[in-house]
Every structure is written in structure tokens, then in C-alpha cells.
Amino acid sequence: MTAVQPSLLLRRALYADGLISGATGLLLMLAADVLSSWLELPRALLFGAGASLLPFALALAWLASRARIQRGAVWAVIAVNALWVLDSLLLLVSGWVAPNLLGYAFVIAQALAVLLFIELELLGLKQSQAQALPA
């Protein structure tokens, strides 16, 4: 199993991803009613998405605080982020919801932000030094 000594970029990207995910999660949960009417997205969808972000945010903060990080854990974060982006796009093209223009902009903006975190985490992982974990 390979671990990396995280580069400063990787550590900061994971912390920032965790911070933004946590803040977005809290916003979606606490303001689900208001956001639902503004975005014309279902309240349950917004609340559920927010609730799913909180444990993810805690996991990212914990991961970023480690002296060494397993390479697979970083790839798992990248995969979860990629799934979030794909699900966001699927939500908009599926016809399952009918957001207004602001709703479309909200979903697209957060998907673009997640794409940015994917890129930063990939670059940070490339800059990190690989270390073999003792058996």
C-alpha cells in the first residue's frame, strides 16, 4: 500500500474542499425551505444533499490533517467529487426536477466548484511524495 506525504497544495485543497462542503451542507440543510422556493428545487433534495455533505466534510478535514495519506484515499475523494458532478448534470438533464434559471445556475456553479477541487486534488497528489507504508 502506498501513502504519500501530502504536498501543501494537496493538504490545502482537501481542507478547502472540506470547508466548502461543510458550509454548503449546513446552508442546504438550514435554508432548504428558502432555497427551495428561490431555486425551484425540491426541499427534500436540497436537505438530503446538505446532510450528505457533512460527513464528507468531516472526513476531508480528518484526511487533510494526517501526516501521511494513503493514495487510495485521495483517489476515493476524487471519485466521490466526480460522482457529485455527474449526478448534478444528470439532475439537470433528466427531467426529474424543473429548476428555474437561478436553480440551474446554482447546480452548475457548485458542479464547477467541485471540478476545481478535483483538479487541485489531482495536482496536489502529483506533487506529493510517495512513501511505502510498513507492513
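The values are calculated or read from the model by the stated rules, or taken from the named source; none is laboratory data. Not measured: the values here are computed from a predicted model. Using ideal geometry, Cβ is built from the backbone for each residue, glycine included, and neighbour counts are taken over all protein chains shown.
Evaluated against (1) in contact with a Leu (Cβ under 9 Å, 6 or more places away or on another chain); (2) closer than 20 Å to residue 13 by Cβ, residue 116 falls short on exactly one condition, (1).
Would you check which residues across the stretch 93-135 are in a loop (DSSP other than H, G, I, E, B) and either at pLDDT 95 or above or at negative phi (or both) and list them? The answer is 96, 97, 98, 99, 100, 128, 133, 134, 135. Is it fair to say residue 85 is surrounded by 15 or more Cβ atoms within 10 Å (Cβ to Cβ), β-branched (Val, Ile, Thr) and closer than 23 Å to residue 106 by Cβ? Answer is yes for this residue. Taken across the stretch 39-61, residues that are more than 19 Å from residue 115 (Cα to Cα), touching a helix residue (DSSP H, G or I) at 6+ places or on another chain (Cβ under 8 Å), among the aromatic types (Phe, Trp, Tyr) and surrounded by fewer than 18 Cβ atoms within 10 Å (Cβ to Cβ) do not occur at all.
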